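Shown next, in structure tokens, is the structure this report addresses.
The values are calculated or read from the model by the stated rules, or taken from the named source; none is laboratory data. These numbers were taken from a predicted model, which means no experiment stands behind them. For neighbour counting, all protein chains shown are included, and Cβ atoms are generated from backbone atoms with ideal geometry for every residue, glycine included. Accessible surface is based on the protein model in full, side chains and every heavy atom, while ligands, DNA and RNA are left aside. Shrake-Rupley method; radii C 1.70, N 1.55, O 1.52, S 1.80 Å.
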Amino acid sequence: DSSPVFNDITYTCFEHSKSIFLFTRADISSLKHTKKVISLLESLGQDEKIKLLLSDIGKNSRIDKGAVEKTLGKNVWNTVPRDEKNAVEAMNQGEPIVDLFPKSDMSKVCTAAADMILREEDSGAVETDGAKNGRRSRRK
């Protein structure tokens, strides 16, 4: 998570990250700002790391996923459904939504996204070292 203003620390984090999770909403203002961030990341040579997440998608969304992808020139990596009631309740209690409301659509998406991230990390970042009793070790 970062502030809306990037600085040298943010740029260093981008450079050392395997993935940059960029959240946006399907409204004109958010898409305008997201387009600027994508352009900035492109200028830094970091655009291949972007994983675009589209939040607050609901039945009444006026801009659909396809329009967002076309506008931003990036595929949406995952969508997060609108669940304001449970999200606000979890925030007010200071607990993760996945713990308080594990069966909610938002929790299911968050859990599935975390699983995808872990699978991607394991699919090239971990190898078995037979010489060390079959223990797994991280590649450098």
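Using the Karplus curve 6.51 cos²θ - 1.76 cosθ + 1.60 with θ = phi - 60°, what ³J(HN,Hα) values do you get for each residue of region 19-25, in whole Hz, with x for Gly and Pro?
Listing the rounded values in order: 9, 10, 8, 10, 8, 9, 10 Hz.
For Thr71, Thr24, Thr79, what's the largest-to-smallest order of accessible area, 1.4 Å probe?
Thr71, Thr79, Thr24
Taking amide H positions as placed 1.01 Å from N in the peptide plane, with prolines and chain starts having none, which residues 5 or more places from Arg82, or on another chain, fall under 5 Å of its amide H?
HN-HN under 5 Å from Arg82: Asp56, Ile57, Gly58.
Which percent of Cα-Cα pairs in region 1-80 sits in each 5 Å bin, short to long?
3, 15, 28, 25, 15, 9, 3, 1
When ligands, DNA and RNA are left out and all protein chains stay put, how many square angstrom of accessible area per residue does region 1-93 have with a 1.4 Å probe?
68
Glu84 to Glu121: FRET efficiency via 1/(1 + (r/R0)^6), r the Cβ-Cβ distance, R0 35 Å, to the nearest 0.05?
Working from the Cβ atoms, E equals 0.70.
Could you work out the local net charge near Ile97, counting Lys and Arg as +1, Asp and Glu as -1, over the other residues with Cβ closer than 9 Å to its Cβ? Don't jump to the answer; show the numbers that get you there.
Details: positive: none; negative: Asp83, Glu89, Glu95, Asp99.
Here the count lands on -4.
Run the simple label-point estimate for Lys108 and Glu95 please: 7 Å along Cα→C-beta, distance reported in nm.
That separation, rounded to one decimal, is 2.1 nm.
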